[in-house]
Amino acid sequence: GAGVSQSPRYKVAKRGQDVALRCDPISGHVSLFWYQQALGQGPEFLTYFQNEAQLDKSGLPSDRFFAERPEGSVSTLKIQRTQQEDSAVYLCASSLLPLNSVHEQYFGPGTRLTVT
Amino acid sequence: GENVEQHPSTLSVQEGDSAVIKCTYSDSASNYFPWYKQELGKGPQLIIDIRSNVGEKKDQRIAVTLNKTAKHFSLHITETQPEDSAVYFCAAIQAGTALIFGKGTTLSVSS
C-alpha cells in the first residue's frame with residue numbers, strides 16, 4: 001500500500017523566507033510525527049499529533065516553527081523567517097496507534113531544506 | 001530523558017561476513033527498540049524491532065538481541081551483501097514519548 005509521502009522533496013529558501021512542508025501519512029494512522037535530521041546525525045523529534053490534536057511540541061527549536069494537522073490526516077510544518085541553521089532534512093512519520101501504545105513508526109522520504 | 005549511544009560509527013566488512021552494531025540506552029522504562037536502515041536520499045526504513053518482553057528476534061539474515069539488565073541491544077546482519085550498505089540507526093522509546101535515535105552507523109559492504 002501507499003506509504004508516507006512528503007512534498008516538496010527539496011526546497012531552497014533565501015534566509016528570511018517562509019516555507020511550508022507537507023506530509024501525507026499512511027491512511028488511517030492516528031499518530032503523526034515530525035523529526036529534523038541534521039547532516040550525519042540521527043533524526044530528532046520536533047512535534048507529535050494524535051489525530052488533529054498537537055499533543056507534544058517540545059522539540060520545536062523556536063517559535064518560528066509551527067505545525068498543524070487540521071483534519072487529522074495531512075500535516076504541514078511551517079518555518080517562518082528561515083535561518084541558515086534551519087537547513088536539514090525534515091522527516092515525517094506516522095503510526096497506527098496513539099503514542100501511549102508503542103507501535104511501529106513509518107517514515108516518509110523527507111524534505112531537504114537548504115537555506116541560503 | 002532517554003539517551004541512546006550507538007557504536008561503531010562506521011563499519012566496513014567483506015561480502016559474506018557478519019556485521020554487528022551495538023546500542024545502549026539510559027532509561028530503564030524504554031520498552032520498544034526499532035532499527036532503521038537509511039539509504040542516501042531516502043527516509044529511514046524500519047527493518048526490525050524488539051520489545052522489552054523478548055530477548056531475541058530474527059528475520060532472515062537480520063537479528064536483534066536485547067539485554068534489559070545491561071540496557072543494551074544489538075543488530076546482527078549475517079551473510080552481508082553490497083545492498084546492505086547504508087546508515088543504520090537504533091532507537092528507543094517508551095509509551096507516551098517520541099523515538100530517541102542513536103547517531104547512526106555507516107555500514108559498507110565490499111564485494
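Below, the figures for the structure above:
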| item | result |
| --- | --- |
| Overall Cα dimensions of region B:1-59, principal axis frame, Å, largest first | 37, 25, 20 |
| Cα-Cα P(r), chain B, percent of pairs per 5 Å interval | 2, 13, 25, 25, 19, 10, 5, 1, 0 |
| Exposure proxy order (Cβ contacts within 10 Å, fewest to most) of A:Leu97, B:Leu11, B:Leu75, A:Leu32 | A:Leu97, B:Leu11, B:Leu75, A:Leu32 |
| Charge dipole (debye, nearest 20) of chain A; +1 at Cβ of Lys and Arg, -1 at Cβ of Asp and Glu | 460 debye |
| For the protein assembly as shown, size of Cβ-based charge dipole, Lys and Arg +1, Asp and Glu -1, in debye | 420 debye |
| Least to most buried among A:Glu44, B:Glu79 (fewest other Cβ within 10 Å first) | B:Glu79, A:Glu44 |
| Once the Cα gyration tensor of chain A is diagonalised, semi-axes √(5λ) in Å | 23, 14, 13 |
| Average beta-carbon neighbours from other chains, 10 Å sphere, peptide B:89-97 | 4 |
| Calculated from backbone phi, Karplus (6.51, -1.76, 1.60) coupling profile of region B:87-104 in Hz, x at Gly/Pro | 9, 10, 10, 9, 8, 9, 7, 10, 3, x, 10, 8, 4, 10, 9, x, 7, x |
| Chain B: most fluctuating residue of B:Val13, B:Val87, B:Val64 per GNM, C-alpha cutoff 10 Å | B:Val13 |
| Furthest towards positive pole of dipole, B:Gln38, B:Gln14, B:Ser28, structure part region B:1-83, Cβ charges | B:Ser28 |
| Between region A:38-116 and region B:1-24, the Cα center-to-center distance that results, in Å | 26 Å |
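Each reported figure results from applying straightforward, stated rules to the coordinates on display, with no laboratory input. What you see is a predicted model; the values in this text were computed from it and never measured. Note that we place each Cβ from the backbone using ideal geometry, even for glycine, and neighbour counts take in every protein chain shown.
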